[in-house]
Amino acid sequence: MGQERGRSEARVRAELLEPMSGLKRGRKVTVEKHERDQALIARKLSYMSAENLRGLCEMALKQARGVWPDTALLLSWGYGLEAPPPRQSDYVSSLMRSTAGRAARDGGYLVELMWMAKKLGPPPGRYLISKLREEAADNARRRAGLRRMVERGTSLRREDQAWLDAYHADLALAEAMMGMGDVETDAGKEERAA
């Protein structure tokens, strides 16, 4: 894994940081801080594809006006182009482990919360939680319908099976991110039955 991460960070350096190396540092940015920021950028954006890194570089160079963009701004642009995978997202992981994650698990909308978080949405308020509950209820009805089809001996369409497999994979991932990998809740047992 360390070797893969090193290659990923090298890709960020080659596709993003090196082409931007001609930009001047901000007036108050020391060489040491600039190097730390570049290491942070390489680590945080190591999940990005080479194509998206090149796109980010182009956008950053257009916006830069000769001065290196703020690290937070560059990361924000990167996250907007390609969201990090859940396991590499500090936001998704922390949300899954938070009281909001436990409430989502207990309320039956854990997967939907993770999907929302993957889009890097804000921590959910009451309105968004009600929407997540509605989406979870719709998904539960869809899973129940698919389960009934299988019980009747009807083969699922490829897209329905793919959706169901993705849902269960995301449920397992969300539970693992919560530190629940070995602990099954009643809801988790029901989900696996679908």
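The values are calculated or read from the model by the stated rules, or taken from the named source; none is laboratory data. This is a predicted model, so every value here is computed, not measured. The protein model used for the area step is the full one, side chains on, heavy atoms only, and it has no ligands, DNA or RNA in it. Shrake-Rupley method; radii C 1.70, N 1.55, O 1.52, S 1.80 Å.
Here are a few things to note about the model shown:
- Enclosing the Cα atoms of the stretch 70-138 in their convex hull gives a volume equal to 92 cubic angstrom per residue.
- Two-decimal Rg to Rh for the chain - Kirkwood Rh, Cα set: 1.09
- Surface composition of the chain: carbon plus sulfur atoms contribute 50% of the solvent-accessible area (1.4 Å probe, protein chains only, all chains present).
- Relative to the longest principal axis of the Cα atoms of the chain, the long axis of helix 126-151 makes an angle of roughly 50 degrees.
- Each eigenvalue of the Cα gyration tensor of the stretch 30-128, multiplied by 5 and square-rooted, gives one semi-axis; in descending order these are 31, 14, 12 Å.
- Converting the Cα gyration tensor eigenvalues of the stretch 1-87 into ellipsoid dimensions via √(5λ) gives semi-axes, longest first, of 21, 15, 11 Å.
- Whichever lysines have a C-alpha closer than 30 Å to that of K24, once near sequence neighbours (fewer than 8 apart) are set aside: K33, K44, K62
- Built amide H within the under 5 Å cut-off of V67, gap 5+: K24
- Between helix 158-177 and the chain: long-axis angle, C-alpha atoms, 0 to 90°, nearest 10: 70 degrees
- The residues of the chain expose, per residue, 60 Å² of accessible area to a 1.4 Å probe.
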